[in-house]
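Data first, discussion second: the structure below is written as structure tokens.
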Amino acid sequence: GSYSNGLNNRVDGGWGGGLGAAMSTALPIYPIKNSDGTWFTAAGVSNNPVFMRENKKQATTQQRTLQGVSFDFTPVKDLTVHVQGNYDYLDNTDDVYEDTALVKRPKGIAKRGATYNSNYNVITTATYNQTIKKDHKFTYLIGNEFQRYQNVVKYLEYNNMTGPLSEVTGLDSNRTPS
């Protein structure tokens with residue numbers, strides 16, 4: 001089996017004001033900041049990739065495990081039974097924090113999208129080899145496979161936050177806010 005744990009500090013794609021905007025709608029004639037030091041947002045905030053990068057935090061954490069086991073046994077001569085089981089679990093959490101400059105409120109907005117995927121399968125086969133004569137053999141195979149997949153998705157959004165949910169202590173971020 002295997003286990004992995006990853007952290008991806010993300011930046012927006014082109015559709016959200018990232019690199020794609022830098023290559024298309026964020027024209028090079030637009031300044032990053034105005035002459036008074038404030039952010040240039042006259043062409044829209046998503047057209048200033050530096051503004052977006054500095055005022056939006058995004059991080060995705062992912063934990064995944066893949067496990068499997070199989071064995072063969074021969075209960076009687078010429079009969080082989082094969083049993084195999086596999087399990088795959090993924091916990092993917094995407095945290096986004098939009099700062100006050102981005103949302104134009106006294107405090108920011110923290111969002112969390114969480115996806116939990118569980119998948120397992122069990123495979124069994126029985127093979128019987130029958131020899132009728134030296135040059136005449138038959139092989140019979142019967143089998144079954146069972147698979148189950150479950151996907152749970154949660155989305156939370158909190159107003160009046162000073163940082164992403166991953167940095168807040170004492171908050172139950174696994175339940176829907178009341």
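The values are calculated or read from the model by the stated rules, or taken from the named source; none is laboratory data. In this text, all values refer to a predicted model and were calculated from it rather than measured experimentally. Cβ placement follows ideal geometry from the backbone for every residue including glycine, while neighbour counts extend to all protein chains displayed. Heavy atoms of the whole protein, side chains included, go into the accessibility calculation; ligands, DNA and RNA do not. Shrake-Rupley method; radii C 1.70, N 1.55, O 1.52, S 1.80 Å.
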Ignoring everything except DSSP H segments at least 4 long, calculate the 222 nm mean residue ellipticity for the chain; use -39,500 (n - 2.57) per segment, divide by total residues, nearest 500. -1500 deg cm²/dmol
Zone of D91 (label point 7 Å along Cα→Cβ, backbone N under 18 Å): which residues in the range 46-69? 59-67
Computed ³J(HN,Hα) along the range 136-146: with the Karplus parameters 6.51/-1.76/1.60, θ = phi - 60°, integer Hz and x for glycine or proline, the list is 10, 10, 10, 10, 10, 10, 9, x, 8, 9, 10
From the list (1) 18.9; (2) 21.1; (3) 18.0, can you say which value of Kirkwood radius over Cα pairs in Å was derived from the structure given? (2)
For the chain, which whole percent of the accessible surface, found with a 1.4 angstrom probe, sits on carbon and sulfur atoms? 53 percent
Show me, for the range 43-54, the HN-Hα J-couplings you get by feeding each phi into the Karplus relation (A = 6.51, B = -1.76, C = 1.60, θ = phi - 60°), rounded to Hz, glycine and proline as x. 8, x, 4, 6, 8, 10, x, 5, 4, 4, 5, 7
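Return the FRET efficiency for the residue pair T61, T25: r is the Cβ-Cβ distance, R0 is 45 Å, and the value is rounded to the nearest 0.05. Walk me through the intermediate numbers first.
Values: r = 31 Å, r/R0 = 0.68.
Result of the calculation: an efficiency of 0.90.
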Whole number in Å², please: accessible area per residue of the range 27-127, 1.4 Å probe, ligands, DNA and RNA not counted. 56 Å²
Burial-style ranking of 79-87, 48-56, average other-beta-carbon count within 10 Å with highest first, yields 48-56, 79-87
Please give me the summed charge of the neighbours of G6: other residues whose Cβ is under 15 Å from its Cβ, Lys and Arg +1, Asp and Glu -1. -1
Take a quick pass over the range 23-178 and tell me how many lysine pairs come in under 30 angstrom between Cα atoms, counting only ones 8 or more apart or on separate chains. 19
